[in-house]
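Heads up: the structure comes next, in structure tokens.
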Amino acid sequence: MAEDGEEKLLATVQHIVKTLGRTDTMTEDILKVFSNYDGRLSLDKLYATRAAAAAAAVAAAGGAGAGEHSVPASPPMPPPPAVPPAVAAMPAVTSLERTVRTLDRQISQFVTMDRLIWADSADADAFLEAVDDLIGTVQELDAAGTNRGLLDRADELLSRCMARLEDEFRALIERPDDVAPPAPGGFASDESEEEDYDADDGYGDEPIPIAKPVSDFDVVIDALPPGSVSDVHQIARRMVDAGFGRECAEAYAAARRGFIDESVARLGIRARTIDEVHSLPWEELEFDIARWIPAFKMVFRILIPSERRLCDRVFDGLAPYGDLAFVAAVRTQVLQLISFGDAVSAASRAPERLFRVIDMYEAVRDLLPDLDPVFADPYSAALRAEVSAVCNTLGSSIKGIFMELENLIRRDPARVSVPGGGIHPITRYVMNYLRAACGSRQTLEEVMEGDLGAVGGAAIAVDPDRPTSSLAVHIAWIMDVLHKNLETKSKIYRDPPLASIFLMNNGKYIIHKVNDSELGVLLGDEWMKQMMSRVRRWSLEYQRGAWAKVMSVLQTGGPGIGSLPAKALLQKLRMFNGYLEEICAIQSEWVIADEQLREDVRTAITDSVKSAYMGLISRLKSSPEAAQDLFIKHSPEDVEARIQHLFEGVSK
């Protein structure tokens, strides 16, 4: 009886379907309503009953054509629509149609949810299972190629699935805490941790944790908890299987780009155009460079490798979409950092910028080998090449700055003399500059010899200590330019001995700076010997120029034939007194800065002048004619004392 009742119920449903189901869509909707209303009316039973009724109708139609008539035991039902022969011959397609309808009903329940599907792990598993079935069905329909309409319908359903999966994918990346299970006992409130997040901006956006600058670069940022990584990987695999791999990569990049941008902003980096960089005052640009260097290291040693690690985990086994996602996520900030380096390289090449540019160059050069595993794929190789290129442009800038130093020396005008023949400011500037630059000898040698290849490989080992190295030759050339400039400036002095004092002072200062630094190693012993020989020559030129007339007046000739008369000797004494006072008055304002050189010059003058003066005094005392008029104003000790007070730069 129960079976008869169920058969009558099914027959009644079929009658209603035949009466009201004027279209396929209406028929399907009616069947769904009855299947949801009563457990006995499953879709499988309804479809089976409908197919049996259609077959009976076809058989009845055939019997009537043979002249046989049957009397129904119950009131007649409207005849079912005829089944097209083509459809009747395709049972596989009919099965796929039923599968698509079932999947549509299941998937529609998920895609219309007003909450995250992954907030409930059971829902997530069920949704993924339905997506897998749909992907398989689409592939089967595409392979059959006999029902384009059903394939289009399945594709449309698949697109809806992918759109919802993309939303879930981005939500899991951007807001992993929204779906993460609560920790046992709840979350503890920690004000110090809350400070690591941006304050509410008034738009209701959830704060995103941001990476902080660190001094230890052996760090990996785990931006997502392991469970979230597994979830997004499952979604990525479905999207790739469905042919939406590029869309998945773009969704990943869009979700991660905000984190990366904000992380770089937290490091104090702001985007600047080339024109802005070129127009900045040096003090402000130097401040930006000081921020750029640690930020560059942080981004390329921690942030980008961590992003690569996350991409590899999310897109594990899904190449090349992980590479595409990685490049799209980091490209903007990589190019922003590189563009700043390019702008600095192309900016003014004033010599004072050398040391900051060297710092930038070394920061880029040192991390190039570490970028090979991060930018190993073909899609990110272009970014690796950009980093290598900015290293080369910074190196070219260093070369240009050295050339500008030469030009600065040449252009330094010879207009005003240094009082007392002292050390010229250009000498102090150049020597202190080169002395400081030699603190980066290895880097400068790489740049001068072009050892850093276009691909940014490791620099070839060089020996910057050899005097024939490119750096040594370049510095020797700068020294030669400086020497010629100083000789030109010495011609400003109208007094040739003072010009010699000027050259002595600057030459001795150069020797001191070379000996006191690595410049001595670079320039070598031979250069040093030549420079010391110049200083001795200038010293002799000074002594001959300043004291020649004194030494001339002190010449008394030998005793006997040709000796000077007493009157001439007395005249020489008076002339000597005048010359000595004149020289001391003038040269007391002159200066010899180096103490040892000053003592050496004084000693040389004293030895020659004092002995000659004592000879003159002796001749006068031994002459009876001169003795009666002899007045010795300066004793030999007085002369020595006067000489010992020279070159102190004090007006007498």
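Could you work out how much longer the chain between Gln139 and Met614 gets when fully extended? Use 0.36 nm per residue separation minus the Cα distance between them, nm to one decimal.
Stretched out fully, the Gln139 to Met614 stretch lengthens by 159.0 nm.
Expressed as a whole percentage, what fraction of the accessible surface of the range 308-414 belongs to carbon and sulfur atoms when a 1.4 Å probe is rolled over the protein heavy atoms? Walk me through the numbers on the way to the answer.
Details: 2050 of 3950 Å².
Carbon-and-sulfur percentage of accessible area, whole number: 52.
Pop the C-beta distance of Lys491 and Asp222 into the FRET formula with R0 = 60 Å and round what comes out to the nearest 0.05.
According to the calculation, E is roughly 0.25.
For Ser622 and Met532, FRET efficiency with R0 = 51 Å and r from the beta-carbon atoms, rounded to 0.05?
Efficiency at R0 = 51 Å is approximately 0.75.
Could you check the spin-label model distance between His278 and Gln596? Points 7 Å from the Cα along Cα→Cβ, value in nm.
Here the answer is 5.0 nm between the modelled labels.
In square angstrom, what is the accessible area per residue of the range 94-175 with a 1.4 angstrom probe?
For the range 94-175, the per-residue accessible area is 47 Å².
Between Leu540 and Ile16, what is the label-to-label distance in nm when each label sits 7 Å out along the Cα-to-Cβ direction?
With each label placed 7 Å out from Cα toward Cβ, I get 12.8 nm.
Which whole-number value in Å² is the accessible area per residue of the range 226-400, probe 1.4 Å?
Accessible area per residue, the range 226-400: 38 Å².
Under a crude label model (7 Å from the Cα following the beta-carbon direction), how far is Ser635 from Gln555 in nanometres?
It works out to 3.0 nm between the two label points.
Under a 1.4 Å probe, what is the accessible area of the range 495-619 per residue, stated in Å²?
On a per-residue basis, 46 Å².
Going by accessible area, probe 1.4 Å, with all protein chains left in place, what is the ranking of Arg175, Arg598, largest first?
On the way: Arg175 85, Arg598 45 Å².
The most accessible residue leads, giving Arg175, Arg598.
Any of Lys484/Lys610; Lys508/Lys610; Lys484/Lys549; Lys508/Lys529; Lys491/Lys610 with alpha carbons more than 24 Å apart? Name them for me.
Lys484/Lys610; Lys508/Lys610; Lys484/Lys549; Lys491/Lys610
What ³J(HN,Hα) values, in whole Hz, does the Karplus curve 6.51 cos²θ - 1.76 cosθ + 1.60 give for the range 500-512 when θ = phi - 60°, with x put for Gly and Pro?
Here the 3J(HN,Hα) series is 5, 4, 4, 5, 4, 4, 5, x, 5, 5, 4, 4, 4 Hz.
Which peptide among 314-321, 504-511 comes first, and what is the full order, when sorted by highest mean count of other Cβ atoms within 10 Å?
My ranking of the peptides, most packed first, is 504-511, 314-321.
Regarding the range 226-400, what whole-number volume in Å³ per residue does the convex hull of its Cα atoms give?
Given the Cα convex hull of the range 226-400, per-residue volume reads 104 Å³.
Rounded to the nearest whole Å³, what is the per residue volume of the convex hull around the Cα atoms of the range 94-175? Present the calculation step by step, with values, prior to reporting the outcome.
Working: hull volume 6.6 nm³, N = 82.
In the range 94-175, the Cα convex hull volume per residue is 81 Å³.
Packing-wise, with mean Cβ within 10 Å as the measure, how do 323-333, 99-109 rank, highest first?
323-333, 99-109
The values are calculated or read from the model by the stated rules, or taken from the named source; none is laboratory data. Computed from a prediction, not measured in an experiment: that's the story for all the values here. So basically every Cβ, Gly included, is an ideal-geometry build from the backbone, and we count neighbours across all protein chains shown. For accessibility, only protein heavy atoms count, side chains too; no ligands or nucleic acids. Shrake-Rupley method; radii C 1.70, N 1.55, O 1.52, S 1.80 Å.
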